[in-house]
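Peer 1: Below is one structure. I have some questions about it.
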Amino acid sequence: MGMKVLGEGKVERLKRSVGYSNARGNKMKLWMVRATTVVLLWTCLVQLMALGESWGPRVLKGWPSHDSVISGAALDVKLLPVVPVRELPPKRVYKNNGYLLISCNGGLNQMRSAICDMVAIARYLNVTLIVPELDKTSFWADPRYAKLSLVLAYGITRVNLLFSLLNFSEFEDIFDVDHFITSLRDEVRILKQLPIRLKQKVESGILHTMPPVSWSDISYYHNQILPLIQRYKVLHLNRTDARLANSGQPVDLQKLRCRVNFSALRFTSQIEELGRRVVNLLRKNGPFLVLHLRYEMDMLAFSGCTQGCNDEEVEELTRMRYAYPWWKEKIINSDLKRKDGLCPLTPEETALALRALDIDPGIQIYIAAGEIYGGERRMATLASAYPKLVRKETLLGPDDLKFFQNHSSQMAALDYLVSLESDIFVPTYDGNMAKVVEGHRRYLGFKKTILLDRKLLVELIDKYTTNSMSWDEFSSAVKEAHANRMGNPIKRLIIPDRPKEEDYFYANPEECLQQPSSDNEPVNIIQ
């Protein structure tokens, strides 16, 4: 009997245990059903909100209904601002003729204009563009500042080996790659990488590579490049700078080049934020002028311009010029080149030009450049005439710049942003940055950009410094020569069969500019 009772007790406990387990299982199932339902409802509501303002419940957007009787203040709830959902342009549907890989060369702005050209070409050939590869081989590739001393110390071969081990800026380190892709989706399909099958083919070395012909119009790409893409499926274009003609192209192609340049090529949020900080710091102290002082070691070595340099510096610059085999011009007459207006102005010449134009000595001058060759010795005259000289390195702390310091393209991007926002922009050499910033400032409403006539200036400066001309005569002559060189609307100069000598499209993209309603008067630059 005792054993029977014990057995019954165990059975009873087992029943209770099973009942508890069933109840627990039912509760778990109920909880899972509720959780799944909530997730589904939330997903549906979010999708509805994305369809338009009238679909989603306003409470999910953190904004009270206009018909609500209870205000946010009454509820004692702090409502957060809503980040609007950016409407993407509709995808353009077209028969894909193949894939285009491009490798840009040169500095930031040289690569920038090349990217604009290649997007327009991809659009007109109905091909898929792969996100561009930035320069990692030429002198102007990242990191730039370390390379200057290494070349002189070790020679070009060993430096190239060293630099193959360093980190260089990729497209996404400088530009907002997702914005670039999505903002152009109505024009051209852009991918971050090739589809797997084609990528494996390319990685195995099966790839047709070539540089396109310089200054070619779109018919060249239709007749010569498109058949190659259709044949090989993937075509790699290298050395893509200055490969599309400045003028004579379809208007919608020209406007697409502008759209890429002024809208799709947005810098990363980190660069944009730092640029805003620099501009805000400058604005606190009044108007500012950006001086693109291209008196840097690389430019002097490349151009052979040695005005004001001592014998040791001349030798150093010559050594650097010979170190780079693709810098083809080796023996250069610096004096002759300067008289032809082909040298960047020296800091001393720049100071005289700014004074002659009556630029206020109290204005802030932001130096948009790398390290000035000759350092403080060469900057002394300019600093004496304009004591409020500043640089990004003086406005920002080391922690702000530590991620940009050894990446010349990212530092150039920062200078580019500050240059766009300045009250006056003055380049001392007509390189790629000077030209692209000039065109962008025209696009922003013909902002004041003083385009110095270097050939005339050095002639006037030599007369003044040799006492052949008084200061008043010198200043009047400089003002008169530059009265219509302030970034005002002008026709782009076209020279048939001589594209290198005509005006650069990105310096004056007139097809994209809204002309003022009335004639522009000469700009008064007296502060």
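Peer 1: Looking at the range 164-263, which trypsin sites (Lys or Arg not before Pro) are in a loop (DSSP not H, G, I, E or B) and have at most 13 other Cβ atoms within 10 Å?
Peer 2: Those satisfying the criteria are K192.
Peer 1: Also: Share of the range 263-331's accessible area from carbon and sulfur, percent, 1.4 Å?
Peer 2: Whole-percent figure for carbon plus sulfur exposure: 50.
Peer 1: State whether the range 281-346 is rounded, prolate or oblate according to the following rule on the C-alpha gyration tensor (a ≥ b ≥ c being the square roots of its eigenvalues): a/c under 1.5 gives rounded; otherwise a/b larger than b/c gives prolate, and the remaining case gives oblate.
Peer 2: Judged from the Cα gyration tensor, the range 281-346 comes out prolate (a/c at least 1.5, a/b above b/c).
Peer 1: Turning to a different aspect of this structure: Please tell me the relative contact order of the range 298-389 in percent, rounded to the nearest whole number, where contacts are Cα pairs under 8 Å and at least six residues apart.
Peer 2: 27
Peer 1: Wrap a convex hull around the Cα atoms of the range 252-386, take a quarter of its surface area, and give that in square nanometres.
Peer 2: The number I arrive at for the range 252-386 is 11.9 nm².
Peer 1: May I ask you to evaluate 6.51 cos²θ - 1.76 cosθ + 1.60, the Karplus curve with θ = phi - 60°, for each residue of the range 440-448 and list the ³J(HN,Hα) values in order in whole Hz, giving x for glycine and proline?
Peer 2: Coupling constants for the range 440-448: 5, 5, 4, 4, 7, x, 6, 5, 4 Hz.
Peer 1: Moving on to the next point. Amide H of F267 versus every other amide H placed in the peptide plane: which residues, excluding those fewer than 5 positions away on the same chain, fall under 5 Å?
Peer 2: Under 5 Å from the amide H of F267 lie the amide H atoms of D176, each far enough along the sequence or on another chain.
Peer 1: Within the range 163-230, which GluC sites (Glu not before Pro) sit in a loop by DSSP and count at most 16 neighbouring Cβ atoms inside 10 Å?
Peer 2: Answer by residue number: E170.
Peer 1: Long-range amide H contacts for V234: which residues qualify at under 5 Å (H placed 1.01 Å from N, peptide plane, sequence gap of 5 or more or a different chain)?
Peer 2: Y99
Peer 1: Whole-Hz Karplus ³J(HN,Hα) for the range 239-248, in order, using 6.51 cos²θ - 1.76 cosθ + 1.60 and θ = phi - 60°, x for Gly and Pro?
Peer 2: For the range 239-248, the Karplus-derived couplings read 6, 8, 6, 6, 9, 10, 4, 5, 10, x Hz, x marking Gly and Pro.
Peer 1: What spacing in nm lies between the two simple spin-label points modelled at S263 and S204, each 7 Å away from Cα in the Cβ direction?
Peer 2: 4.2
Peer 1: In addition: Report, by chain and number, residues whose modeled amide H sits under 5 Å from the one on E296, excluding near sequence neighbours (fewer than 5 apart, same chain).
Peer 2: Answer set, sorted by chain and number: Y373.
Peer 1: When Lys and Arg each count +1 and Asp and Glu each count -1, what net charge do the other residues less than 11 Å away from V177, Cβ to Cβ, add up to?
Peer 2: -3
Peer 1: Does the range 399-527 classify as rounded, prolate or oblate by the C-alpha gyration tensor (a ≥ b ≥ c root eigenvalues; a/c under 1.5 gives rounded; else a/b over b/c gives prolate, otherwise oblate)?
Peer 2: Since a/c reaches 1.5 but b/c is at least a/b, the shape of the range 399-527 is classed as oblate.
Peer 1: Ok, one more. Take the Cα radius of gyration of the range 162-223 and divide it by 2.2 N^0.38 Å, with N its residue count; two decimals is plenty.
Peer 2: 1.50
Peer 1: Let me ask something else. Quick one: Karplus J couplings for the range 380-393, per residue in order, coefficients 6.51, -1.76, 1.60, θ = phi - 60°, nearest Hz, x for Gly and Pro?
Peer 2: Couplings: 4, 5, 5, 5, 5, 6, 9, x, 8, 7, 9, 9, 4, 5 Hz.
Peer 1: May I pose another question? Would you mind working out the accessible area per residue for the range 369-454, using a 1.4 Å probe, and quoting it in Å²?
Peer 2: Here the per-residue accessible area is 39 Å².
Peer 1: Here's another thing I want to ask about it. Leaving out same-chain residues fewer than 8 places away, which aspartates and glutamates sit with a Cα under 19 Å from that of K402?
Peer 2: D142, E170, E172, D173, E272, E273, E371, E393, D415
Peer 1: A 18 angstrom limit on the alpha carbon distance is what I want to check against. Which of K91/K192; K284/K388; K328/K455; K255/K491; K388/K455; K91/K199 exceed it?
Peer 2: The answer is K328/K455; K388/K455; K91/K199.
Peer 1: Quote the relative contact order of the range 181-339 in percent (integer), defining contacts as alpha-carbon pairs under 8 Å separated by 6+ residues.
Peer 2: Once divided by the residue count of the range 181-339, the mean separation gives 16 percent.
Peer 1: Starting from the Cα of K339, draw a straight line to each of the aspartates and glutamates and keep only those under 14 Å, dropping any in the same chain fewer than 8 residues away.
Peer 2: E349, D453, E459, D462
The values are calculated or read from the model by the stated rules, or taken from the named source; none is laboratory data. Just so it is clear, the structure is predicted and the values come from calculations on it, not from any experiment. Ideal geometry is used to build each Cβ from the backbone, glycine not excepted, and the neighbour counts take in all protein chains shown. Areas reflect the complete protein model, heavy atoms only, side chains present, ligands, DNA and RNA absent. Shrake-Rupley method; radii C 1.70, N 1.55, O 1.52, S 1.80 Å.
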